[in-house]
Structure formats: structure tokens, C-alpha cells
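Trainee: Dumping the structure here so I can ask a few things about it.
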Ligand SMILES: [Zn+2]
């Protein structure tokens with residue numbers, strides 16, 4: 001059948017074009033890679049596919065940028081001098097509360 005023949009040629013062309021750009025990953029696959037990407041745990045092939053997708057997909061670029069920012073914020077929150085708020089209540093606060101109670105009572 002000539003019709004299916006034309007279809008086959010078209011498919012072969014599609015694959016040739018895709019081959020020039022190398023393997024493509026989808027936006028979903030990119031988000032699956034993201035965690036390992038930030039940790040530098042991607043294989044060279046995955047890294048290339050990841051970078052290629054980013055170079056062509058603006059939403060994913062924005063997503064990766066905000067993801068990295070979040071990771072950096074989390075890391076600095078745990079490692080930096082402005083660490084988590086201590087569990088203990090500052091003593092001045094306790095004394096202030098007690099004084100206020102005495103004044104009220
Ligand atoms: Zn994308």
C-alpha cells in the first residue's frame with residue numbers, strides 16, 4: 001500500500017531528525033532526574049539529556065532554578081549560623097511573662 005509506505009518514510013525522517021538532537025527526555029523525566037542532578041549523581045548521558053532539555057524548555061529552566069534555590073536555602077538553614085530556632089525559651093522572655101503576671105495579679 002502506498003499510503004503506509006509514505007507513513008514509514010515519514011517516521012524514518014522523524015527518527016533521523018530526533019537522532020540529530022540525541023535522546024530526548026520529557027518534562028516529567030526531567031523532574032525525576034532533578035534530585036540527582038542537584039547532587040551531581042547523573043550519568044554523563046543523563047546529564048547531557050538533562051542539559052539538552054533545559055536548553056529547549058524554558059518552564060523547566062525556571063523550575064530547576066527555583067528548585068536549586070530551595071535546596072540552597074535548606075542547606076544554609078541547617079548549616080549556617082542562623083540555624084533552627086532553639087527549643088528553649090529565652091530567659092528574659094520567661095522573666096517578662098512572670099513579671100507581667102505579677103503585675104496583673
Ligand atoms: Zn521541560
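The numbers here are math on the coordinates, done by the rules we state, and not lab data. These figures come from a predicted structure and were not determined experimentally. Cβ sites come from the backbone with ideal geometry, for glycine too, and all protein chains shown count toward neighbours.
Trainee: For a test of the definition: using alpha carbon positions, the gyration tensor, and the 1.5 limit on a/c, classify segment 22-77 as rounded, prolate or oblate. If you can, show how the numbers build up before the last one.
Mentor: On the way: a/c = 2.66, a/b = 1.57, b/c = 1.69.
In terms of gyration-tensor shape, oblate.
Trainee: Please check which bits of segment 64-79 a label hung off residue 39 would reach, taking the label as a point 7 Å along Cα-to-C-beta and the cut-off as backbone N under 16 Å.
Mentor: It comes to 68, 71-72, 75, nothing else.
Trainee: So, by mean Cβ neighbours within 10 angstrom, what's the order for 68-77, 24-33, 46-55 with the highest one leading?
Mentor: On the way: 68-77: 11.2, 24-33: 13.7, 46-55: 15.7.
Answer by packing, highest mean first, reads 46-55, 24-33, 68-77.
Trainee: Once you place label points 7 Å from the Cα toward the Cβ at residue 9 and residue 32, how far apart are they in nm?
Mentor: 3.6
Trainee: Another question, if that's okay. In what sequence, highest mean first, do 5-12, 58-65 appear when ranked by Cβ atoms within 10 angstrom?
Mentor: 58-65, 5-12
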